[in-house]
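Below is one structure, written out as structure tokens, with a few remarks after it.
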Amino acid sequence: EIVNQVLAQLDPKTMSGTVIAVPVVNLYGFITGDRYLPDRRDLNRSFPGSKKGSLAGRLAHLFMSEIVERCDFGMDLHTASDHRTNLPQIRSDLDAPRIRELAEVFGAPVMLHSKSKTTGTLRRAATRSGAGVLLYEAGEPWRFNGDAISMGVAGVRRVLDHLEIATYEGDPPGPVVECRSSTWIRAAKSGIAHLTVQAGDTVEAKQSLGTIDDAFGKRRSTIRASRNGIIIGQLLYPMVNQGDALVHIATPVGSETT
């Protein structure tokens with residue numbers, strides 16, 4: 001949706017350079033509502049792929065050769081995974097001066113330093129091929145999230161303007177909180193989670209984030225923050241098992257727990 005809205009706003013006659021837009025990368029997943037391809041592989045764990053590999057590997061290789069290798073820079077747009085939501089945020093290597101500059105220009109509320117060490121992701125493969133990447137994470141799956149979409153559209157337009165590709169006369173970016181690390185708070189017990197915080201809230205170490213109760217309402221565990229920070233993601237599904245990820249807390253620079 002972000003890609004389509006951006007394209008609707010661009011006028012090729014007034015642009016410089018080239019914009020390659022791909023609204024859907026995993027068409028199989030888009031049609032079936034399943035992130036896994038028919039070969040049961042995750043496309044975003046299959047890059048850079050191989051032209052003689054599995055279906056996922058071949059699709060990844062095709063995308064790398066036809067799209068990524070033609071680009072100097074890219075923006076990868078994602079929602080959270082099933083039953084979760086994310087505060088709009090940029091994840092990227094903030095130690096790379098050019099990437100840091102563009103992350104600030106994008107203007108998401110949070111930018112999180114992340115070098116993408118996970119094997120097989122598009123961002124890692126694109127970075128290794130020489131294309132800088134901003135990963136935009138926002139909202140939840142299976143529905144349109146108005147704020148996440150509007151922030152994403154504005155962010156993409158700001159970056160295109162900064163790169164002198166397409167002029168943007170919208171609002172400048174607001175304050176951006178830089179975070180260098182993050183952690184998930186996990187369920188100490190199985191049960192029904194009642195969270196009392198939401199994405200975007202700031203919390204302090206040891207602060208209560210909610211409770212886990214049994215089916216009869218008896219409290220089994222209190223969920224507490226392990227650090228100072230800002231909530232950048234959380235679980236939406238209340239039924240949890242021991243060890244499930246509940247609340248994602250990122251630590252702003254300068255507010256680390258002592």
- Message: Which count do you get for residues in segment 93-129 that are at positive phi and touching a strand residue (DSSP E or B) at 6+ places or on another chain (Cβ under 8 Å)?
- Response: 2
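Do the conditions hold for Ser81, that is, is it buried (at least 16 other Cβ atoms within 10 Å of the Cβ) and more than 13 Å from Val22 (Cβ to Cβ)?
Numbers: buried (at least 16 other Cβ atoms within 10 Å of the Cβ): no; more than 13 Å from Val22 (Cβ to Cβ): yes.
Spelling it out, it is not the case that Ser81 is buried (at least 16 other Cβ atoms within 10 Å of the Cβ) and more than 13 Å from Val22 (Cβ to Cβ).
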- Would you check if Ala126 is free of Cβ contacts under 8 Å to residues at least 24 places away in the same chain, closer than 19 Å to Val24 by Cα, in contact with a helix residue (DSSP H, G or I) (Cβ under 6 Å, 6 or more places away or on another chain) and buried (at least 19 other Cβ atoms within 10 Å of the Cβ)? no
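Being surrounded by 15 or more Cβ atoms within 10 Å (Cβ to Cβ) and over 20 Å from Ile90 (Cα atoms) is true for just one of Asp213, Asp201. Which residue is that?
Details: Asp201 fails: over 20 Å from Ile90 (Cα atoms).
So the residue among Asp213, Asp201 that is surrounded by 15 or more Cβ atoms within 10 Å (Cβ to Cβ) and over 20 Å from Ile90 (Cα atoms) is Asp213.
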- Task: Kindly list the number of the only condition in (1) over 21 Å from the mean Cα position of the chain (by Cα); (2) of a type outside the set (S, T, N, Q); (3) at pLDDT below 95 that fails for Lys218.
- Result: (3)
- What strands (runs of 3 or more DSSP E) lie completely within segment 102-202 and have 1 or more residues being at pLDDT below 95 and over 23 Å from Pro252 (Cβ atoms)? 132-139
- Query: When segment 64-100 is examined, which residues are found to be under 24 Å from Gly170 (Cα atoms), free of Cβ contacts under 8 Å to residues at least 40 places away in the same chain and not β-branched (Val, Ile, Thr)?
  - Reply: Arg98, Arg100
- Of the numbered conditions (1) surrounded by 16 or more Cβ atoms within 10 Å (Cβ to Cβ); (2) at negative phi, Lys51 satisfies every one except a single condition; which is it? (1)
- Item | Exclusive hit being in contact (Cβ under 8 Å) with a residue 40 or more places away in the chain and touching a Phe, Trp or Tyr at 6+ places or on another chain (Cβ under 7 Å), set Gly200, Gly191, Gly155 | Gly155
- Query: Looking at segment 38-47, is at least one residue small (Gly, Ala, Ser), buried (at least 16 other Cβ atoms within 10 Å of the Cβ) and part of a helix (DSSP H, G or I)?
  - Reply: no
- Note on the structure: Apart from one, (1) under 16 Å from Thr127 (Cβ atoms); (2) within 19 Å of the chain's Cα centre (by Cα) all hold for Gly49; the odd one out is (2)
- Query: Can you find even one residue in segment 54-61 that is without any contact (Cβ under 8 Å) to a residue 60 or more places away in the chain, surrounded by 12 or more Cβ atoms within 10 Å (Cβ to Cβ) and under 22 Å from Ala138 (Cα atoms)?
  - Reply: no
- Within the set of pairs 6 or more residues apart or between chains, which connect a residue that is within 14 Å of Arg58 (Cα to Cα) inside segment 26-40 to a residue that is of a type in the set (Lys, Arg) with Cβ atoms less than 8 Å apart? Asn26/Arg35
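Considering only residues that are of a type in the set (S, T, N, Q) and either surrounded by 13 or more Cβ atoms within 10 Å (Cβ to Cβ) or closer than 23 Å to Ala138 by Cβ (or both), look in segment 1-31 and name the one that is nearest to the chain's Cα centre (by Cα). Show your work before the answer.
Going through segment 1-31, the residues of a type in the set (S, T, N, Q) turn out to be 4-5, 9, 14, 16, 18, 26.
Subset that is either surrounded by 13 or more Cβ atoms within 10 Å (Cβ to Cβ) or closer than 23 Å to Ala138 by Cβ (or both): 4-5, 9, 26.
Numbers: Asn4: 18, Gln5: 19, Gln9: 23, Asn26: 17 Å.
Out of the qualifying residues, it is Asn26.
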- Task: Give Pro141, Pro172 a once-over and let me know the one that is surrounded by 12 or more Cβ atoms within 10 Å (Cβ to Cβ) and in contact (Cβ under 8 Å) with a residue 60 or more places away in the chain.
- Result: Pro141
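The values are calculated or read from the model by the stated rules, or taken from the named source; none is laboratory data. Source: prediction; values computed, not measured. With ideal geometry, Cβ positions are generated from the backbone for all residues, glycine too; neighbour counts draw on all protein chains shown.
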